[in-house]
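Have a look at the structure below, then the notes.
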Amino acid sequence: MENQLIDMRLAVSALLETATHHQRNFETMQRNFDTLVLEIRDMRSDMMQMQSEIREIQMDVRGLQTENRRILDILQNRPPEQES
């Protein structure tokens, strides 16, 4: 009977140790996940900023293309194209 009690205590102790180990692992995984979420949010914000900058560059390029066409028309003595 005493041996069974000792075995039971050892089993309970092992279970508590395992549960504690799993709890620590879970907490570590949760912290890693939270960090990842913050990094993804930062990346999304950076991407949105880049997208805005790309739109500005595209508008500048379109303006330059229009100006180039106008200059070519003048140099080639063509009437300017009508813009829609």
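The values are calculated or read from the model by the stated rules, or taken from the named source; none is laboratory data. Source: prediction; values computed, not measured. Cβ atoms come from the backbone with ideal geometry, glycine included; neighbour counts cover every protein chain shown. Surface accessibility is based on the protein's heavy atoms, side chains included, excluding ligands, DNA and RNA. Shrake-Rupley method; radii C 1.70, N 1.55, O 1.52, S 1.80 Å.
Residues in segment 1-47 that are among the hydrophobic types (A, V, I, L, M, F, W, C), open to solvent by 100 Å² or more (accessible area, probe 1.4 Å) and under 21 Å from the mean Cα position of the chain (by Cα): M29, F33, L38, M43, M47.
Within segment 67-79, does at least one residue satisfy the condition of being acidic (D, E), open to solvent by less than 100 Å² (accessible area, probe 1.4 Å) and out of contact with any Ser or Thr (no Cβ under 9 Å at 6 or more places or on another chain)?
yes
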